[in-house]
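Let me begin by presenting the structure, written as structure tokens, before commenting on it.
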Amino acid sequence: MRYRFDDFELDTGQFVLRHHGVDVHVEPLVFDLLRFLIERVGQVLSRDAVIEQVWKGRIVSDATVSSCIKSARRALGDSGEQQTYIRTVRGRGFQLVATVEAIAPPEQGGIVTVAPAAPGSAGLAQAAGSIEPPKESAPPLAPPAAPNLPPRIAVLPLFPLSADPQLAIVGDALAQEVILELARLHWLFVIARGSSFKFRGQEVDLGQAGAVLGADYFLTGTILQEGGDCIISVELCHGAASHVLWAERYVTPVDGLMHMRSRLAGEIIGALEPRIQLHEAVQAARVPTENLTAWSAYHRGLWHMYRFNRTDNETAAHLFAHATRLDPGFARAHAGLSFTHFQSAFLGFSSDVAGEKRLMRRLAEKSIELDPLDPFANLTMGRTEWLEGSLETSMPWLERAVALSPNYAFAIYNSALVGTMIGDGAGNERKVARAIELSPIDPLSYAMLATRALTHAIRGNHAVAAQWAERAVRSPNAHVQIHTIAALTHELSGCREAADRYVAQIRRMHPGYGRSDFARSFPFRDAAVLREVEASLVRLGL
């Protein structure tokens, strides 16, 4: 669709704003804002509606919204004083005032002219009344595309199975803790406590609750005291099908439950996150590629990204790129695309390692620009610095990702790996153990286990390191770098026969792989560790 007003044209198909036919540079968020205003020309749009549509409901400051409005005005040659095109209606929101021609493809009806309501008219308060309807002979203005919204989850208070009022208090506290932790995940929309807690103290019909709350997923559960123990049972359900995706039971002493609720909430989040993402990916896989939304394309890309082979990595890159074309402001899609270029360089999928690293950095920086508070975007920046050898610069990005989402196992494990390469084995063994505890069936389990092997290897605990590496290579999707860690640790522990078997597997997986590839990917800071690794890989013939 193309929209014309005065000397401007906004082309939503090519994501371009033109003035007198010349492209005007605008940032993706500014383009989305202009599109939102133009598609609702004449309507007064609240600040909350702007945030929901342009920032996809993420928490942003008033200053951020005002800055975006200012940039949109500047692109149109407007200003806050003139307000020729974008009016601020005090206490109500923003309004585009212009006569807009919506130019649809010929098969959809051609041109429709839409004019705004007169400034100051009573129609400002009612969106529908502020637009002049087109002539009867003209086709109606095409409705805006369905928003690319993340899945919505409602956490319901735990249902007490006995009359003890203390149980209800504990159940509410734990549910609130889970809401707080889920709210840190930018890719998930969490229904506010005030709405979901209206279902307190009752058996819930998920179909009815879904209709009321607009939720796609529900976390429900019960709480029961037996002797000195408290038994908490929780279920993750997909509301549309009302089927259970995951269930778990936790038993903890009653006396310590209020103190342990944060840790228990963390374990629940660690289990929920990968299962919701997997379910979203499975759903996306059933959608024809040409009908994918940006959100579906992103999640289908995640499924391929975590398979860690050349073909799936290329497919993931294609899907992430498709998501960025559909939604240029989708920070996570840019981060995912950066991740695929990281993999191409890290695993040797491309002969142009320098080119892959340039794209990795550019896309990581773009994701941070779009959403500096997204944990995945921060993680991607940290991995970029790591692969470029800047471990000390990498660590603050990874720590920031963990600070933004304390139960983000992926970020915790990456922080542990970089910390291990810097030289702290014991501290980072505890850190990676926490990541494994949070996400025991993570698609990156092999990497977490291999990281734990390295925490022992740098301390000279070679036999223990070999045991963890053995577990890592037996995990799904273990790639050539993991087999190299297994070969290295087994050689150092004196198990040469096992080490040679891993070397043979490396030759089958990546015939040209050598010790320089390993050194480039794992730039250990300690000179003694580097010498030991180099000597071992030489003995293995790598």
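Figure legend. Inter-residue proximity from the range 478-505: first residues on the phi < 0 side of the Ramachandran plot, second residues acidic (D, E), beta-carbon distance below 6 Å, spacing 6+ or different chains. Indicated pairs: A499/E491. Just one of the listed residues (A504, A528, A519, A487) is crowded, with 20+ Cβ neighbours inside 10 Å and of a type in the set (G, A, S), and it is A487.
Taking the range 440-475 as the search range and keeping residues that are in a loop (DSSP other than H, G, I, E, B) and β-branched (V, I, T), which one is nearest to S536 (Cα to Cα)? If we take residues in the range 440-475 being in a loop (DSSP other than H, G, I, E, B) and β-branched (V, I, T), then I458 is nearest to S536 (Cα to Cα). Condition check: assigned by TED's automatic domain parsing to the domain that holds T484, modelled with pLDDT of 90 or more and buried (at least 22 other Cβ atoms within 10 Å of the Cβ). Does N414 satisfy that? So N414 fits the description; yes. Residue count for the range 499-529 satisfying the condition of being more than 21 Å from R383 (Cβ to Cβ) and under 33 Å from the mean Cα position of the chain (by Cα): 2.
Take the conditions (1) among the aromatic types (F, W, Y); (2) farther than 16 Å from P150 by Cα; (3) at pLDDT 85 or above; Y298 misses just one of them, which is (2). Does the range 10-18 contain any residue that is out of contact with any strand residue (DSSP E or B) (no Cβ under 9 Å at 6 or more places or on another chain) and not in a loop (DSSP other than H, G, I, E, B)? No.
Residues that are modelled with pLDDT of 90 or more and not assigned by TED's automatic domain parsing to the domain that holds L347: does the range 433-440 have at least one? Taking every residue of the range 433-440 in turn, at least one turns out to be modelled with pLDDT of 90 or more and not assigned by TED's automatic domain parsing to the domain that holds L347. Annotation for the range 460-476: no member residue is surrounded by fewer than 15 Cβ atoms within 10 Å (Cβ to Cβ), touching a helix residue (DSSP H, G or I) at 6+ places or on another chain (Cβ under 9 Å) and β-branched (V, I, T). Exactly one residue among H334, H318, H341 is within 15 Å of the chain's Cα centre (by Cα) and either modelled with pLDDT of 90 or more or of a type outside the set (A, V, I, L, M, F, W, C) (or both), and that residue is H334.
Run down E429, E437 and say which single residue is out of contact with any strand residue (DSSP E or B) (no Cβ under 7 Å at 6 or more places or on another chain), more than 22 Å from S394 (Cβ to Cβ) and either of a type in the set (F, W, Y) or assigned to a helix (DSSP H, G or I) (or both).
E437 is the lone residue from the list that is out of contact with any strand residue (DSSP E or B) (no Cβ under 7 Å at 6 or more places or on another chain), more than 22 Å from S394 (Cβ to Cβ) and either of a type in the set (F, W, Y) or assigned to a helix (DSSP H, G or I) (or both).
Close Cβ contacts (under 8 Å, 6 or more residues apart or on different chains) running from residues in the range 32-53 that are outside the structural domain of A72 (by TED's automatic domain parsing) and more than 19 Å from L326 (Cα to Cα) to residues that are assigned to a helix (DSSP H, G or I) and among the aliphatic types (A, V, I, L, M) are absent. Of all the numbered requirements in (1) under 37 Å from the mean Cα position of the chain (by Cα); (2) modelled with pLDDT of 70 or more, A145 misses one, and that requirement is (2).
For I51, are the conditions met, namely being within 18 Å of Y85 (Cβ to Cβ) and either in contact with a Phe, Trp or Tyr (Cβ under 8 Å, 6 or more places away or on another chain) or aliphatic (A, V, I, L, M) (or both)? Considered against the rule, which asks whether it is within 18 Å of Y85 (Cβ to Cβ) and either in contact with a Phe, Trp or Tyr (Cβ under 8 Å, 6 or more places away or on another chain) or aliphatic (A, V, I, L, M) (or both), I51 comes out as no. Here is a check on your reading of the model: is V480 among the β-branched types (V, I, T) and under 28 Å from the mean Cα position of the chain (by Cα)? Judged against the criteria, V480 is a match. Against the conditions (1) touching a Pro at 6+ places or on another chain (Cβ under 9 Å); (2) on the phi > 0 side of the Ramachandran plot; (3) at pLDDT 75 or above, A215 satisfies every one except (2).
The values are calculated or read from the model by the stated rules, or taken from the named source; none is laboratory data. On a predicted model such as this, the values are computed, not experimentally measured, just so you know. Every residue, glycine among them, receives a Cβ derived from its backbone with ideal geometry; neighbour counts consider all protein chains shown.
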